[in-house]
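These notes concern the structure reproduced below.
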Amino acid sequence: MLNRRHLRVKVLQVLYAFFQSANDNLESGEKELLFNINKTYELYLHQLLLLRELGFIAEKFIDERKYNQLSSKNTLQSEQKFTDNLLLKLLLQSKTLDKVCKEFNVSWAGEHDLVRKIFFHIRKTDFYRSYISSGDNSFEEDKKFLLKIYQACVCEFELLHNFYEEKSIYWIDDWELVFKMTIKTLNNLKEDDHDINLMNLYKDSEDKEFARQLFNKTILNHQFFDPMISEKTKNWDIERIAIVDIILMKMALTELLKFPEIPVKVTLNEYIELSKMYSSQKSKVFINGVLDKLVIDLEKENKIKKTGKGLISKSY
């Protein structure tokens, strides 16, 4: 689930592309934003579907070994423990996963070789051999094992990272979030579940509207913000300030002036954190200083108006 910090990152990414392309079509820019956000959910679905594909590959591998009589009966029975993994079976049989993957057009069709390589990488590990030879057949052991292969094998597989980088330039930034979403989904599975519960893309409809409005209002007001920023950066040539830094300050000003429900402190903290992620150490200090000066002036001029109950308690 994307929280508001993740949504701010998405807005930053699309604003950067929007301004770099000299695009003036707000509607197409908004569509690109929503497309970008949906791509994050696609990565989440890809990861869950990949675990299921590993189950299909394992079943096919065992069938091939049986048919060609390449393994003993005992060895094949041990290997069968992987395909009998209770969490993996939930993924294999999940109608919910089928439905949502179809809606988002997510599939591993045509990527059989990559999935097979990941499976054989898993088979070489000590914890795989320990798992299939264990006498324990509990739901908890199955969960622990599936989480282990996801964290230690799937997420660390270099060819998989290369594949995802080719699919979307934004997925590098999404990796940590999707990792946590997938882990949480697997951890939440219970022994008596008949299907998996997928996480939602947004916490609620307000979050989707927040992202859309932040994008639109930043664009609509960005020229108005130029002289405000220039005034506080007189010793800097605004043309030479990194475009990411300019966009971060304009997004912050948009929240300060156009989002009365978001506390000033929350906005400042969020954009300082984003500057740590997407700017240099020098830029972080620069952005922090400029925003502090802007807030002082705007509050003196009574231009920052915050209203609504529960400003401090609401999660942003």
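A few comments on the model shown:
- Computed packing ranks the peptides 275-281, 216-222, 187-193 as 216-222, 275-281, 187-193, most packed first, by mean other Cβ atoms within 10 Å.
- Region 4-187, relative contact order [Cα under 8 Å, separation at least 6], %: 28
- In summary, region 4-187 shows an alpha-carbon radius of gyration equal to 1.20 times the 2.2 N^0.38 Å reference for compact globular proteins.
- Sorted largest first, extent of region 86-236 alpha carbons per principal axis (Å): 71, 32, 29
- 3J(HN,Hα) along region 270-284: 5, 7, 5, 5, 5, 5, 5, 7, 10, 10, 6, 4, 5, 5, 4 Hz, from the Karplus curve 6.51 cos²θ - 1.76 cosθ + 1.60 with θ = phi - 60°, whole Hz, x for Gly and Pro.
- Comparing ASN36, PHE145, VAL14 along the charge dipole axis of region 4-187, the residue lying farthest to the positive side is PHE145, per the Cβ-charge model.
- The alpha-carbon of LYS60 sits under 17 angstrom from the alpha-carbons of these lysines, leaving out residues fewer than 8 places away in its chain: LYS73, LYS81, LYS89, LYS117.
- Dipole of the chain, positive end: most advanced residue of ILE219, ILE229, TRP175 [Cβ charges, Cα centre]: ILE229
- Whole-percent P(r), region 205-300, all Cα pairs, 10 Å bins from 0: 15, 53, 29, 3, 0.
- Ellipticity estimate at 222 nm from DSSP helix runs (n ≥ 4, -39,500 (n - 2.57)) divided over the chain, nearest 500: -23500 deg cm²/dmol
- Highest-first packing order for the peptide set 259-272, 108-121 is 259-272, 108-121, based on the mean count of other beta carbon atoms within 10 Å.
- Here region 4-187 is assigned +1 on the Cβ of each Lys and Arg and -1 on the Cβ of each Asp and Glu. Its dipole about the Cα centre then comes out at about 540 debye.
- Relative contact order computed over the chain (Cα-Cα under 8 Å; 6+ residues apart), in percent: 24
- Shape call, region 115-182: gyration tensor on alpha carbons, a/c limit 1.5: oblate
- Computed about the Cα centre, the dipole magnitude for the chain is approximately 520 debye when only Lys and Arg (+1) and Asp and Glu (-1) carry charge, each at its Cβ.
No value in this document is a laboratory result; all are computed from the given coordinates. These numbers come from a predicted model, not from an experiment. Glycine also receives a Cβ, built like all others from the backbone with ideal geometry; neighbour counts cover every protein chain displayed.
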